[in-house]
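Notes follow the structure.
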Amino acid sequence: MSSRQLLQRTDSIGEDVMTGDSHQPPCQRTGMMCSFQSMSEVQSSIDEIIERFRCTHFNFAEEGFANRGSDSGSELDEPIHIVNIGIEYRTHVSETELSEMFFAICQEKKSDLLEARIRRVTFAVFRERQFPRFFTFRARLDFHEDGIYRHLEPALAFQLEINRMSNFDLKLMDRANYRMHLYLGAAKVQEGQNVTDYRYFLRAIIRHSDLVTKEASFEYLQNEGERMLLEALDELELAFSSQIVRTDCNHIFLNFVPTVNMDPLKIESSLQEMVMRYGPRLWKLRVLQAELKVSVRLPNEDRPVAFRVFVTNESGYNLDISTYQEEVDPVTQQVKFISYGQREGPLHGRFINNPYITKDHLQLKRYQAQTMGTTYAYDFPDMFKQNLEKLWREHKTFFPLTEIPADVIRGNELVLDTNGKLVSMNRMHGENTVRASDWYGGLEVYILHPEYPDGRDVVVIANDITYRIGTFGTDEDDLYEKASKLAREHKIPCIYLSANSGARMGLAEEVKTVLEVAWEDTTQMDKVCTYKAGNK
């Protein structure tokens with residue numbers, strides 16, 4: 001075995017801890033790393049490799065695993081061992097051809113691999129002046145290639161946290177930069193439903209030796225972080241140029257492996273400057289969330305502490321940056337997010353292995369409005385809030401003793417009840433069934449700004465372009481009339497925000513019920529009909 005090396009691995013934490021294979025049998029796993037100079041050497045030596053694992057079976061009865069219940073036998077029969085095979089290639093062979101050759105080897109020896117309890121075989125192809133190419137074949141996939149892990153080093157797979165994308169069907173995308181791992185995710189839906197949530201997940205690992213001084217940590221994190229962000233955006237632009245589906249809520253995840261010596265809040269401020277610098281490009285590529293994982297050496301801690309910085313901009317104008325510290329829950333023994341700093345982030349208390357959620361109703365509506373070149377109606381109150389807070393900050397620069405109110409705007413939605421009366425209601429955004437949605441500042445609802453520090457009432461009426469293209473009918477006219485009348489009666493400002501895609505041609509339901517129509521094709525009633533006639 002001059003061309004191979006055998007390494008026995010003990011006390012392994014498992015490369016699959018973060019890849020969905022969370023259940024590990026109670027045993028000692030064995031790993032083998034082999035290197036060959038040609039494919040013919042692999043084919044002639046594969047039997048000898050497998051035979052090595054037949055000689056390493058663990059005696060569970062002697063180690064106290066014999067009495068684990070009736071299911072223990074099936075657990076102990078699970079594949080547990082791994083094989084990494086390196087091959088040097090001097091000639092050019094396409095990735096498809098390589099995958100087919102490796103697949104043929106695994107299928108030919110499938111029964112032997114299962115008998116030897118080998119759970120994974122990874123082939124690494126090495127070429128001069130190129131990144132290694134990795135092809136992984138798993139027992140749970142009947143030794144077909146796991147395409148999600150192509151060109152991903154097995155020992156580092158868990159660092160990409162692919163299990164967090166379990167709510168999506170993933171497809172590995174071609175990329176020019178092998179430091180980047182780009183996946184197209186399609187939200188999992190029930191059978192028969194159409195997929196409406198497509199998004200790109202771009203993930204990368206930043207490697208370096210640990211950084212000791214604060215100056216070196218800050219400089220490297222800033223420079224390398226910006227370089228990786230630009231490379232990620234370049235990769236997304238290439239994907240956008242040839243995409244076959246429209247994506248939204250795209251996500252970037254950067255795992256900064258080296259330990260740094262700096263204040264986590266300084267990382268947050270540096271990241272904010274970077275995002276503001278490249279904000280238009282991020283928005284153009286529909287990157288609505290980015291995540292940075294980094295290990296920080298705190299002054300009073302013996303071990304480095306893992307931190308996460310999240311950058312979120314779902315609406316396009318409200319940038320939210322929150323920092324979390326990873327802590328182990330004493331009850332569940334799972335790692336969860338704990339907010340770091342004065343502000344409690346939206347992920348506070350959640351487990352880090354929770355999968356990314358798919359689009360909710362509000363996000364679908366928001367995206368629909370933004371693709372029409374306008375703002376979603378229910379996002380305007382947040383825009384008002386941002387501008388009011390900006391006015392208060394500017395006012396405070398001239399009057400330092402001024403206290404900025406904690407809540408500068410509050411309001412309920414005005415809706416028509418079953419009797420056609422205008423009532424104030426506090427409901428979830430996007431539940432409107434009338435195109436004109438409005439927010440009313442009544443006696444308990446007001447906005448505060450420097451000119452009116454005690455607050456003032458305002459009525460806002462807006463077209464919801466995501467509901468029947470924002471057009472007006474009789475219901476909308478009625479709502480508009482009552483809401484504007486309310487503003488006139490109380491002598492308060494009334495703001496009207498209009499966005500629609502043109503006129504709506506329709507027929508009253510009362511008229512439709514007395515018509516009989518002979519359609520040429522009943523499945524396409526928006527086309528030709530033979531005649532229309534009125535019945536009694």
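The values are calculated or read from the model by the stated rules, or taken from the named source; none is laboratory data. Worth saying up front: this structure is predicted, and the values here are computed from it rather than measured. As a convention, Cβ positions derive from the backbone with ideal geometry for all residues, glycine included, and neighbour counts pool all protein chains shown.
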Note: among 257, 275, just one is at pLDDT below 90, within 23 Å of residue 353 (Cβ to Cβ) and either among the basic types (Lys, Arg) or surrounded by fewer than 18 Cβ atoms within 10 Å (Cβ to Cβ) (or both), namely 257
Go through the stretch 350-379 residue by residue and tally those that are in contact with a strand residue (DSSP E or B) (Cβ under 6 Å, 6 or more places away or on another chain) and surrounded by 14 or more Cβ atoms within 10 Å (Cβ to Cβ). 3
Taking the conditions exactly as written (farther than 18 Å from residue 385 by Cα and at pLDDT below 80), does residue 484 satisfy them or not? no
Taking the stretch 334-368 and keeping residues farther than 19 Å from residue 308 by Cβ and either among the hydroxyl-bearing types (Ser, Thr, Tyr) or free of Cβ contacts under 8 Å to residues at least 12 places away in the same chain (or both) leaves 358, 360, 367
Residue 122 being under 30 Å from residue 306 (Cα atoms) and exposed (fewer than 14 other Cβ atoms within 10 Å of the Cβ): no
Checked the stretch 130-152 for anything part of a loop (DSSP other than H, G, I, E, B) and closer than 18 Å to residue 36 by Cα; matches are 130, 131, 132
Over 15 Å from residue 49 (Cβ atoms), under 33 Å from the mean Cα position of the chain (by Cα) and in the same structural domain as residue 45 (by TED's automatic domain parsing): is that true of residue 96 in this structure? yes
When you scan the stretch 173-186, do you find a residue that is assigned by TED's automatic domain parsing to the domain that holds residue 274, farther than 20 Å from residue 134 by Cα and of a type outside the set (D, E, K, R), even just one? yes
Give the residue, chosen from 394, 413, 451, 403, that is modelled with pLDDT of 75 or more and surrounded by 13 or more Cβ atoms within 10 Å (Cβ to Cβ). 413
Residues that are under 18 Å from residue 363 (Cβ atoms), free of Cβ contacts under 8 Å to residues at least 60 places away in the same chain and small (Gly, Ala, Ser), drawn from the stretch 155-198: 185, 186
For the stretch 81-94, give me the residue count where each residue is among the hydrophobic types (A, V, I, L, M, F, W, C) and either more than 17 Å from residue 109 (Cα to Cα) or free of Cβ contacts under 8 Å to residues at least 24 places away in the same chain (or both). 2
Conditions (1) under 30 Å from residue 195 (Cβ atoms); (2) free of Cβ contacts under 8 Å to residues at least 60 places away in the same chain; (3) buried (at least 17 other Cβ atoms within 10 Å of the Cβ) -> residue 323 fails only (1)
Out of the stretch 327-341, which residues are of a type in the set (Val, Ile, Thr), part of a loop (DSSP other than H, G, I, E, B) and closer than 19 Å to residue 355 by Cα? 332
Give the residues of the stretch 243-295 that are among the hydroxyl-bearing types (Ser, Thr, Tyr) and under 16 Å from residue 322 (Cβ atoms), sorted by residue number. 269, 270
Residue selected from the stretch 204-224 under the condition surrounded by 19 or more Cβ atoms within 10 Å (Cβ to Cβ) and not polar (S, T, N, Q), by the criterion farthest from residue 312 (Cα to Cα): 211
For the stretch 227-243, check the following and say yes or no: at least one residue is touching a residue at least 40 places away in the same chain (Cβ under 8 Å), surrounded by 15 or more Cβ atoms within 10 Å (Cβ to Cβ) and over 29 Å from residue 366 (Cβ atoms). no
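To keep it simple, each residue is scored yes or no on (1) assigned to a helix (DSSP H, G or I); (2) touching a residue at least 12 places away in the same chain (Cβ under 8 Å).
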{"position": "204", "(1), (2)": "no, yes"}
{"position": "220", "(1), (2)": "yes, yes"}
{"position": "248", "(1), (2)": "no, yes"}
{"position": "251", "(1), (2)": "no, yes"}
{"position": "300", "(1), (2)": "no, no"}
{"position": "306", "(1), (2)": "no, yes"}
